[in-house]
Amino acid sequence: MTDLRTTAIEFAHTNRSRFLAELIEFAAIPSVSTDPDAKADMQRAALWVADQLIALNARNVQIFPTAGHPVVYAEMLQAGPAAPTILVYGHYDVQPVDPLNLWQTGPFAPDIRGENIYARGITDMKGQVMASLKAVESVLHAGPLPVNLKFMIEGEEEIGSPSLVPFMESHKDLLACDFALNPDTGILAPDVPTITYALRGLAYFELRVYGPDHDLHSGTFGGAVLNPAQALCELIAGMHDAQGRITLPGFYDTVRPLDAAERAELARLPMGDDFFLRTTGAPALYGEAGYTPVEHTGARPTLEVNGLLSGFTGEGTKTVLPAWAMAKISCRLVPDQNPAQVYQQMQAYLQTHAPAAIRWELIDKHGGVPSISDRNSVGNLALTQAMETVWGKRPIYKREGGSVPVVTQFQNILGVESVNTGFALPDDNMHSPNEKMHLPTWYRGIDTFIHFFYNLAA
Ligand code: BES
Ligand code: MN
């Protein structure tokens, strides 16, 4: 086994420039799942992934159409029934690029600057998908696969995976496995290998506020008619109290409290105030009273305004009282909150607080359930060992503030745990302009997956 492992690692090292060239090809496809005009590119990205799997000699490679974007499936089951079966998850879709003018180079013209490669979706998560595929390629080059693999690469993660749940429910047998590998998370720093054991959930809303039936002259009518932008801002302002707590009725009722032992462990993470100040560039931190930033972002629920729109925002001035205002608002959830309940809570808040002088409408966009995974699962132990081999130190375990709702679906629909890993860095600008990936970390990621697969067989 040791020989195969060494051969696989050597192969991965000598093929780095080709791996990178392939990644650049993948990252050049503008697979923005939320963009209705990107259907053809989404299809192209799915095909590109399927072609990679075919090139690896995977069996049963399929591009399953769904109500939305297709799911790519493939399997490599040669290791036989005695070996574990791992479902490798990934997504080929990416977030929108805007604001485009803040990108130094085109979001779909991958550019290498120093140790980083810049492109939309490079770290979230085309690079991670490629790291797992290139690790498999390296292992296959060395000899037989020590484990069975199934691949499920979707195209709707960034829009809440609406088609994936029905797909998983109707393909339970096809997807049967011992556990899932979810490489859609990150590590804390290039020299801090990290395993994620919890992910937050999400409840996403659009709140629309309507006032007069058309835009008004702000001098003729201002003062006599409530401005919907003002009403919206007041509603939003009331969603937090002075302690930074969320005021939606019942919001905290099902939040699992953090126990002292876990708080003590989270306090050991190398993520103090200075980490958050440095990585965000914010002039000061904010947060629910009584909790640390690590707890705020990992273990406590939050409510954020993701976007605001109303009235005149162009160059110059216009004295107008707008007819409407809207906000995109989302809550990050922790166990045992549930997005449908949070929608009801938001409705209840608005019913109580919305003034009679406006009409409002709340649209439920999408949601995801929070998850906690078993830290001592077979998969996490194999990954811990792999990271120790590659980095020369034990990984730390953290809770992630972002969401990968499918992890809960793996638990609920397939009855399996997930290994949550990935090699994105906190300063990779995920979902922001100039998204990047750190190449030395990516190469370590490939090595990690190689060791991981061999560790599982051992
Ligand atoms: N890869 C991210 C989740 C993540 C973020 C992991 C930061 C580690 C660090 C994932 O692709 C993502 O962005 N998910 C969305 C899910 C949502 C649209 C349902 C998110 O968290 O906003
Ligand atoms: Mn993402």
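A few notes on this one:
- Segment 195-202 - phi-based ³J(HN,Hα) in whole Hz, Karplus 6.51/-1.76/1.60, Gly and Pro as x: 10, 9, 10, 8, 10, 7, x, 8
- Within the accessible surface of the chain, defined with a 1.4 Å probe on protein heavy atoms only, the carbon and sulfur portion equals 53 percent.
- A cut-off of 5 Å between modelled amide H atoms, ignoring neighbours fewer than 5 places along the same chain, links Gly422 with Thr185.
- Whole-number accessible area per residue in Å² for segment 73-161, which is evaluated in the context of all protein chains at 1.4 Å: 29
- The mean of 1/r over all pairs of different alpha-carbon atoms in the chain, once inverted, gives a Kirkwood hydrodynamic radius of 23.5 Å.
- In order through segment 298-311: 3J(HN,Hα) via Karplus (6.51 cos²θ - 1.76 cosθ + 1.60), integer Hz, x for Gly, Pro: x, 10, 10, x, 9, 9, 10, 7, 8, x, 9, 8, 5, x
- Rounded if a/c under 1.5, otherwise prolate or oblate - segment 367-458, Cα gyration tensor axes: oblate
- Computed from the Cβ-Cβ distance with R0 of 35 Å, the FRET efficiency linking Leu47 to Leu381 stands at 0.45.
- Amide H contacts of Asn227: none lie under 5 Å away among residues 5 or more positions distant or on a separate chain (H built 1.01 Å from N in the peptide plane; Pro and chain starts excluded).
- Accessible-area ranking of Asp215, Asp124, largest first, probe 1.4 Å: Asp215, Asp124
- Of all DSSP bridge pairs formed entirely within the chain, close to 70 percent run antiparallel.
- Estimated distance in nm for a label pair at Leu309 and Ser432, the labels positioned 7 Å out from Cα along Cα-to-Cβ: 2.4
- Inverse of mean 1/r across different Cα pairs in segment 295-451, Kirkwood, Å: 19.5
- One chain, two ends: Thr14 and Gln243. Fully extended at 0.36 nm per residue, the span grows by 77.0 nm beyond their Cα-Cα distance.
- Among the trypsin sites (Lys or Arg not before Pro) in segment 255-322, those located in a DSSP loop and surrounded by at most 13 other Cβ atoms within 10 Å of their own Cβ are Arg268, Lys318.
- Too-long pairs where the Cα-Cα distance tops 25 Å, listed order kept, from Lys126/Lys398; Lys134/Lys393; Lys39/Lys398: Lys39/Lys398
- Centre-to-centre separation between the Cα atoms of segment 165-210 and those of segment 73-147: 15 Å.
- In percent, rounded to a whole number, the relative contact order of segment 19-69 is 28, using alpha-carbon pairs under 8 Å and six or more apart.
- In Hz, Karplus ³J(HN,Hα) per residue of segment 171-187 (6.51, -1.76, 1.60; θ = phi - 60°; x = Gly, Pro): 10, 4, 5, 4, 8, 3, 7, 8, 6, 9, 10, 10, x, 9, 10, x, 10
- Cα centroid separation, segment 233-247 to segment 347-392 (Å): 20
The values are calculated or read from the model by the stated rules, or taken from the named source; none is laboratory data. What you are looking at is a predicted structure, and each value in this text was computed from that prediction instead of being measured. When we count neighbours, we look across all protein chains shown, and the Cβ atoms used for this are built from the backbone with ideal geometry, even at glycine. Each accessible area value is taken on the protein alone, full model and side chains, heavy atoms only, with ligands, DNA and RNA left out. Shrake-Rupley method; radii C 1.70, N 1.55, O 1.52, S 1.80 Å.
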